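Below is one structure; the comments refer to it alone.
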Amino acid sequence: PDSDATYDLGSSSKAWAEVHADKVLTDTFEDRSASKSIDAVYVTDGTAKAWASLDGAASPSFEDSFNMSSLTDVFAGRTDVTFTNNMSNNLFAITMAASDADTFAFYSSKSVSGVSLRTYEQSASSSVDKPVSGTIFGDLA
């Protein structure tokens with residue numbers, strides 16, 4: 001290794017990288033044939049920063065999740081989730097989906113530390129607990 005404990009991996013027509021014990025520094029990722037490449041900003045900024053799938057039970061739980069630490073059942077159709085790592089601001093994007101076509105999934109509020117998820121069943125004209133999944137895109141704090 002060099003004096004700063006990095007390794008020079010050489011250069012290509014697109015990019016070079018420094019490898020540290022805990023990270024890779026690069027401007028561009030490229031496939032082995034050099035036929036496809038992507039700027040590193042699309043990898044760091046274009047990936048989901050949090051996501052979750054909730055079971056929709058009266059006392060909901062995570063079926064699976066990433067960067068979600070806890071949830072609180074506030075009332076039927078509203079579950080508040082808390083991020084493990086905060087977002088940098090509350091301007092992040094949220095995509096959500098409910099388990100069936102008759103149910104709307106949306107958020108009622110968001111902050112740097114979490115989101116209030118809501119589900120509403122059209123045929124029942126009321127808020128109901130239903131399975132829901134969501135993804136968060138934005139910048140981590």
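The values are calculated or read from the model by the stated rules, or taken from the named source; none is laboratory data. Predicted model, so just to flag it, every value in this text is computed and none were measured. Note: ideal-geometry Cβ built from the backbone for every residue, glycine included; neighbour counts use all protein chains shown. For the accessible areas, the whole protein counts, side chains as well, though only heavy atoms, and no ligand, DNA or RNA atoms are used. Shrake-Rupley method; radii C 1.70, N 1.55, O 1.52, S 1.80 Å.
Summary of computed values
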| read-out | value |
| --- | --- |
| Flag if ALA52 is part of a loop (DSSP other than H, G, I, E, B) and open to solvent by less than 50 Å² (accessible area, probe 1.4 Å) | no |
| Odd one out for SER123 among (1) of a type in the set (Gly, Ala, Ser); (2) touching a residue at least 24 places away in the same chain (Cβ under 8 Å); (3) loosely packed, with under 12 Cβ neighbours inside 10 Å | (2) |
| Count of residues meeting criterion [open to solvent by 60 Å² or more (accessible area, probe 1.4 Å) and either modelled with pLDDT of 85 or more or in contact with a helix residue (DSSP H, G or I) (Cβ under 6 Å, 6 or more places away or on another chain) (or both)] in segment 1-31 | 3 |
| Members of segment 58-68 found to be open to solvent by 40 Å² or more (accessible area, probe 1.4 Å) and either more than 26 Å from ALA141 (Cα to Cα) or not in a strand (DSSP E or B) (or both), listed by number | ALA58, SER59, SER61 |
| Set ALA93, ALA105: member being within 17 Å of SER133 (Cβ to Cβ), surrounded by 13 or more Cβ atoms within 10 Å (Cβ to Cβ) and not polar (S, T, N, Q) | ALA105 |
| Odd one out for SER99, checked against (1) more than 27 Å from ASP45 (Cβ to Cβ); (2) without any contact (Cβ under 8 Å) to a residue 24 or more places away in the chain | (2) |
| Complete set of residues in segment 38-49 that are surrounded by 12 or more Cβ atoms within 10 Å (Cβ to Cβ) and part of a helix (DSSP H, G or I) | ALA40, VAL43, ASP45 |
| Test: residue in segment 78-95 that is among the hydrophobic types (A, V, I, L, M, F, W, C) and modelled with pLDDT under 95 | no |
